[in-house]
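One structure is given here, and the rest of the page talks about it.
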Amino acid sequence: MTVLGVLWYFLIFLLIAGYFVFDGFDLGAGVLYPFISKNDEERSLVRHAIGPVWDGNEVWLLTAGGALFAAFAPAYATTFSGFYLAIMLVLFGLILRAVAVEFASRDKAWAKLWNACFFIGSLLPALLTGVAVGNIYAGIPMDAGGNYAGVPLLGLITPFTLLCGLFGLAMFMVAGAAWIALKAPAASDLRKRAQSTRRIMQVVALVLFACISVYGHFGIAPDMVAGLTFVRYALAILFVVAIVAALVWNGNPERDLHVFVAQSASAVLVVFLLATSMFPNLVVASAGSAGPAVTVATAAAGDLTLAWMTGIACIGVPLVLFYHVLVYRAFRGRLE
């Protein structure tokens, strides 16, 4: 296990965290869309809140997938072969959401259909992403060649992975409510409903996090690196602190940005809690599997490849961040 292999293990989780933060509020807003907006004006506000940024936010998902393929090809092959149907549903959802956002305001005759598509296209990725993460952590059945050996799609649904899916969905919904509250007019009913929803889903997220932590520790009992125990506890505590801070700030419209930042920080913390809990595994093999787990040591590309990737990342990631700064600065402030 080389230094560059370990570096790229955590860099891929950093890219996943970027997707969780940036596209998380887009998906959450889409899931809340039919419940939180009560008329055409409010639905238009929700769409305009994410309209300028949603497509750029998806670059984090594409980059994470590409980096996984280049840095840890065996892990990419195992996950994409095992989760093929789930991945296709996620991509279908993302495509459906993109079409719905563009057509909902222009095709009034089919507005109800496009509104439903926006909801479904947001719900599928938000829910299935958490289910997939739960499977990678808990373990999947693999044959001797490292291929998924379980039942497609349905074999991925267990009580633990369903809890992970619901937790991911709750986190996306909190982010979506936080973003809508940040962008909606301060005195509007839409912002008040977003604030109320944000508070409820924050509590739900904390409860689900506690359930997953207990279930994962006693029911899954993964083999964790002892040297990272302190880091894992620190990340878990900071996650709870971030959610609680967001709850404390929840009632003040002037604190909407603070709430959104705290919620984004909690998303990053939970992703790195997963990373330190799994390390050095990329894909865990379930009990009874013919094949071993896919680890950094067994899956990493050569040092030359990883060195080139590191150089490209040092150029590409700052450019992406610079793009985000320009876009979010240009569209800052509340909608009217």
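Bear in mind these aren't lab numbers, they're just calculated from the coordinates by the rules spelled out. These numbers were taken from a predicted model, which means no experiment stands behind them. When we count neighbours, we look across all protein chains shown, and the Cβ atoms used for this are built from the backbone with ideal geometry, even at glycine.
For residue 285, the residues whose modelled amide H falls within less than 5 Å of its own, excluding neighbours fewer than 5 places apart on the same chain, are 140, 293, 294.
For residue 38, a cut-off of 12 angstrom between C-alpha atoms picks up these aspartates and glutamates, skipping any fewer than 8 places away in its own chain: 189. Across q = 0.13 Å⁻¹, segment 3-330 modelled as identical point scatterers on its alpha-carbon atoms has Debye log10 I(q)/I(0) values of -0.99, in the order of the q list. If you take all other residues with their beta carbon under 12 Å from the beta carbon of residue 205, and give Lys and Arg +1 and Asp and Glu -1, the sum is +2.
Is segment 39-84 best put as rounded, prolate or oblate by its Cα gyration tensor, with a ≥ b ≥ c the root eigenvalues, rounded for a/c under 1.5, and otherwise prolate when a/b is larger than b/c, oblate when not? Oblate shape, in that a/c is at least 1.5 and b/c is the bigger or equal ratio. Here the relative contact order of the chain, from alpha carbon pairs under 8 Å that lie six or more residues apart, stands at 27 percent.
Based on Cβ point charges of +1 for Lys and Arg and -1 for Asp and Glu, what charge dipole magnitude is obtained for segment 3-330 about its Cα centre, in debye rounded to the nearest 20?
On the way: 16 positive and 15 negative charges, 159 e Å.
For this selection, approximately 760 debye.
The alpha carbon centroids of segment 103-137 and segment 3-18 are separated by 28 Å.
Please give me the summed charge of the neighbours of residue 252: other residues whose Cβ is under 14 Å from its Cβ, Lys and Arg +1, Asp and Glu -1. If you can, show how the numbers build up before the last one.
Numbers: positive: 191, 192, 198, 199, 255; negative: 254, 256.
Residues close to residue 252 contribute a combined charge of +3.
Where in the chain are the helices, taken as whole DSSP H runs, whose Cα atoms extend 20 angstrom or more along the long axis and whose Kyte-Doolittle mean reaches at least 1.0? Spell out each step's value before the answer.
Details: long enough: 3-36 (48 Å, 1.82); 84-103 (28 Å, 2.19); 111-138 (41 Å, 1.29); 159-183 (36 Å, 1.72); 189-214 (38 Å, 0.58); 229-249 (30 Å, 2.31); 256-278 (33 Å, 1.63); 303-330 (40 Å, 1.39).
Helices meeting the criterion: 3-36, 84-103, 111-138, 159-183, 229-249, 256-278, 303-330.
Over segment 206-308, the alpha carbon radius of gyration divided by the compact-protein estimate 2.2 N^0.38 Å works out to 1.38. Note on segment 196-271 and segment 50-95: Cα centroid distance 24 Å, given to the nearest whole angstrom.
Neighbours of residue 64, meaning other residues whose beta-carbon lies under 15 angstrom from its beta-carbon, give a summed charge of -2 when Lys and Arg score +1 and Asp and Glu score -1.
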